[in-house]
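Undergrad: Take a look at this one; I'll ask things after.
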């Protein structure tokens, strides 16, 4: 998060930094990061390079990302202000903000923009990591891209509960059906999705767009 002195300089320089940014006509177009993230979905090489290029474009050359496994993190130069690119409890990278050319003790971006950019970078890294994880699991499990047969309303209910992490007992109780009836529904779901277990059913259903964490 930077030294106490650096954090103090960021806070005290906030007003002057904002004024300098406004005078320069600078504005963070975070949509650039969203667009590059969509482009990077499914790619395997050079991702960090393209993200850094987008960060440089968004910040007009005043920010860069440093990755632990690409460039070991060292104490940031006194001319740069470090902010973790964090999502949840995980730091994906370190965002370094350059100093103003005419004021070495002042970051080139206002504090609000610094932390907004860092949070956006953290969130987009998380999205890319999760998308890659799901695709890897689908490939490792050997799941096909065949469009599944249409599920009945009850089967769709069971599938949504499976996707939400409910066990068989919890599903039977919530749907008020017997274990044997639930077993029949599961057999039909597995058959229509062309899978043989709950994990594969959830992955295949997600891949086919049959379930959503947000609406489940």
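Throughout, read-outs are computed from the coordinates displayed, never taken from laboratory work. Just so it is clear, the model here is predicted, and its values are computed rather than measured. Cβ sites come from the backbone with ideal geometry, for glycine too, and all protein chains shown count toward neighbours.
Undergrad: Starting from 0.36 nm per residue, how many nanometres of slack lie between residue 147 and residue 90 once their C-alpha separation is accounted for?
TA: Values: separation 57, 0.36 × 57 = 20.52 nm, distance 3.55 nm.
Net length gain for the segment: 17.0 nm.
Undergrad: Among 175, 95, which comes first, second and so on when ranked by fewest other beta-carbon atoms within 10 Å?
TA: With the fewest neighbours first, 175, 95 line up as 175, 95.
Undergrad: Under a point spin-label approximation (7 Å from Cα along Cα-to-Cβ), what is the residue 115-residue 180 distance to one decimal in nm?
TA: 6.1 nm
Undergrad: Here's a follow-up. Taking other Cβ within 10 Å of each residue's Cβ, how do 87, 81 sort, fewest first?
TA: Numbers: 87 19, 81 27.
The most exposed by this proxy come first: 87, 81.
Undergrad: Which FRET efficiency value, to the nearest 0.05, is calculated for residue 50 and residue 198 with the Förster distance at 41 angstrom and r the Cβ-Cβ distance? Show your work: numbers first, answer last.
TA: Values: r = 36 Å, r/R0 = 0.88.
Efficiency computed from Cβ-Cβ geometry: 0.70.
Undergrad: Further question: Could you give the length gained by full extension between residue 32 and residue 129, i.e. 0.36 nm per residue of separation minus their alpha carbon distance, to one decimal place? Please list the in-between numbers first.
TA: Numbers: separation 97, 0.36 × 97 = 34.92 nm, distance 1.87 nm.
Working it through step by step, the gained length comes to 33.1 nm.
Undergrad: When 197, 121, 100 are ordered from fewest to most other Cβ atoms inside 10 Å of their Cβ, what list results?
TA: Details: 197 11, 121 29, 100 19.
Listing 197, 121, 100 from fewest to most nearby Cβ atoms yields 197, 100, 121.
Undergrad: Can you tell me, using C-alpha contacts under 8 Å and at least 6 residues apart, the relative contact order of segment 86-190 as a whole percent? Write down the numbers at each step before the final one.
TA: Numbers: 50 pairs, mean separation 20.4, N = 105.
This gives 19 percent for segment 86-190.
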